[in-house]
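The values are calculated or read from the model by the stated rules, or taken from the named source; none is laboratory data. Note that the structure is predicted; figures quoted are calculated from it, not measured. Neighbour counts run over all protein chains shown; Cβ positions are idealised from the backbone, glycine included. Heads up: the accessible areas ignore ligands, DNA and RNA and are worked out on the full protein's heavy atoms, side chains in. Shrake-Rupley method; radii C 1.70, N 1.55, O 1.52, S 1.80 Å.
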Amino acid sequence: MERRRERRKILPLQIPVIGNVHAAPLIDEASARADIIAQMQSRVRWTESVKLLSAQGITAFVEAGAGTVLGGLIKRIIEGASTFPLGAPQDFTAIE
């Protein structure tokens, strides 16, 4: 069975996005698409990405999905970082 590759439209970026492959800001739809594709085949630069966010003044991080693994990693990378997991409906009250 031949696998059909479908392209999904990526809309213009509305907020700043840091790509994990190069630990650098993504500036447009093309760079976002390239970073997503590269993540499937490349090592990600998680530590460098988190440090870049910290250098830009980011101190609070929201982890979407079940678990708190990424939040734990962030706290090891950035002393004093606040993390908020959003894995269940009741978690949303913590960030209100």
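With respect to the conditions (1) in contact (Cβ under 8 Å) with a residue 12 or more places away in the chain; (2) over 15 Å from the mean Cα position of the chain (by Cα), Lys51 falls short on a single one, namely (2). The residues of segment 46-73 that are farther than 15 Å from Ala23 by Cβ, hydrophobic (A, V, I, L, M, F, W, C) and surrounded by fewer than 12 Cβ atoms within 10 Å (Cβ to Cβ), listed by number, are Ala60, Ala64, Ala66, Val69.
Tell me, yes or no, whether segment 74-83 has at least one residue that is modelled with pLDDT of 90 or more, on the phi > 0 side of the Ramachandran plot and open to solvent by 60 Å² or more (accessible area, probe 1.4 Å). Yes, some residue in segment 74-83 is modelled with pLDDT of 90 or more, on the phi > 0 side of the Ramachandran plot and open to solvent by 60 Å² or more (accessible area, probe 1.4 Å).
Would you confirm, using the coordinates I've provided, whether Ser82 is closer than 16 Å to Asn20 by Cα and free of Cβ contacts under 8 Å to residues at least 40 places away in the same chain? Against the criterion (closer than 16 Å to Asn20 by Cα and free of Cβ contacts under 8 Å to residues at least 40 places away in the same chain), Ser82 does not qualify. Within the set Glu63, Glu6, Glu48, the sole residue that is of a type in the set (D, E, K, R) and in a loop (DSSP other than H, G, I, E, B) turns out to be Glu6. Looking only at segment 9-45, count how many residues are free of Cβ contacts under 8 Å to residues at least 24 places away in the same chain, of a type in the set (Gly, Ala, Ser) and either open to solvent by less than 50 Å² (accessible area, probe 1.4 Å) or not in a helix (DSSP H, G or I) (or both). Adding up the residues that qualify gives 4.
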